[in-house]
Amino acid sequence: MIRKGFSSRKLIPSEILNKLNKGEEATLSLSEALAIDMNILFCSIFPNITYDTTAVKALGFIQKIKFFSDILAKNTNPLESFNFLLQHSSDTARAWACFLVPYLSKQFENSLQIMYPLILDKHFLVREWAWISLREQIIDNLQYNINLLNYKHENHLYRRFVSEILRPRGVWCKHITVFKNNQNNILDICVPILKYFSNEENRYVQNSVGNWINDCAKDNLEWIKQICSIWDTSNPHTKYILKRGFRNFKVSIPL
C-alpha cells in the first residue's frame with residue numbers, strides 16, 4: 001500500500017520520521033521534508049565526517065541543504081559524492097547533490113549536463129533544487145546562458161525547469177533583477193520561449209508558465225500584456241495559462 005504524504009509535521013508518525021531521518025524513505029510532502037533532522041540524516045549517510053552540528057540549528061531550510069553540500073565539497077571528492085547521492089533513496093540527499101553541481105562546474109553549460117538527471121528526477125522537491133541551485137550561474141551571464149536552454153525539450157519536466165529557472169521573482173531564491181527592471185528591454189529575450197510555452201499541453205508546465213507571467217506582471221504589467229495579447233485565446237491551454245498568469249490583475253485580453 002502506497003502511503004500518502006502528511007500535510008503537517010505534527011501528524012508524521014515517529015516510525016515514518018525515523019525512516020526519513022535515516023534516509024530509508026523519501027518524503028511525500030513539503031511538511032515531511034521540513035521535518036527531517038538533517039544532522040541525523042547526514043550522519044547516517046556519512047558517519048565518518050565530523051562537523052559542528054550546532055551550526056545547523058539557526059539556518060533556514062535551503063541554507064541547511066547548502067550547508068551540507070558545502071561540507072561534502074570540502075571533505076570529500078565532490079564528484080564521487082555527487083554520483084553516490086544521485087542514486088540515494090532520500091530526496092534530501094539528492095538535494096545535496098543538486099547543490100554540489102556548482103562545485104563541479106562553474107560553467108552553466110556544463111552544469112546543465114551534470115544536472116540533467118536531477119532536472120528529470122522523480123521527486124518534486126529535487127526538481128525544485130535542480131533549478132534553484134543553478135539560478136546564480138544562469139544569472140551571471142543571462143543573455144548567453146538563456147540560449148543554452150532547450151525549451152522545446154520533449155520531456156515536460158525539462159520544459160518546466162526552463163520556465164522556473166527564468167522566473168523573474170522565483171521561489172526561495174534570488175530574483176532576476178534585470179528582468180524585474182527590464183533593463184535595456186532584456187525581457188525581450190524571453191519572448192520566443194513564452195510564445196512556445198503559450199500553448200503548452202502539460203498542466204505542470206502550464207502552472208509554471210502562468211506563475212512566470214504573474215511574476216512579470218508585478219513589475220512589468222504592460223510589457224507582459226502586450227506579449228500575451230497576440231496569443232491564441234481560443235486554445236484552451238493558452239486560456240488556462242493566461243487566467244493563471246493574470247489572476248491578480250485586471251487585463252483587457254479576452255480570457
*Tilt relative to the chain, helix 236-245 - C-alpha long axis, 0 to 90 degrees, to 10*: 70
*Express in % the proportion of alpha carbon pairs of the chain at distances exceeding 24 Å.*
52
*asked:* If you only keep lysine pairs separated by 8 or more in sequence, or across chains, how many in region 142-255 come under 17 Å at the Cα atoms?
replied: 13
_Dmax and Rg, reported as Rg then Dmax, of region 25-119 (C-alpha, Å)_ = 13.0, 36
_Check: the chain dipole with +1 on Lys, Arg Cβ and -1 on Asp, Glu Cβ, in debye_ = 760
*Along the Cα-to-C-beta direction of Tyr196, a point sits 7 Å from the Cα; which residues of region 91-109 have their amide N less than 20 Å from that point?*
108-109
*Could you tell me how many degrees, from 0 to 90 and to the nearest 10, lie between the Cα long axis of helix 203-228 and the main elongation axis, the longest principal axis, of the Cα atoms of the chain?*
50
_How many angstrom lie between the Cα centre of region 187-236 and the Cα centre of region 18-85?_
37
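Suppose the chain between Ile2 and Glu15 were pulled fully straight at 0.36 nm per residue; how much longer would it get relative to their current alpha carbon spacing?
On the way: separation 13, 0.36 × 13 = 4.68 nm, distance 1.55 nm.
That pair, Ile2 and Glu15, stretches by 3.1 nm at full extension.
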*Lysine pairs, Cα distance under 18 Å, 8 or more residues apart or cross-chain: how many in region 12-133?*
6
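Translational D (Stokes-Einstein, µm²/s) of region 142-255 at 20 °C and 1.002 mPa s when Rh comes from the Kirkwood sum over C-alpha pairs?
Details: Rh = 14.0 Å.
Stokes-Einstein gives a translational diffusion coefficient of 153 µm²/s.
A short reminder: the numbers here are calculations on the coordinates, not readings from a lab. Since we're looking at a predicted model, the values are computed, not measured. Backbone-built Cβ (ideal geometry, glycine too); neighbour counts: all protein chains shown.
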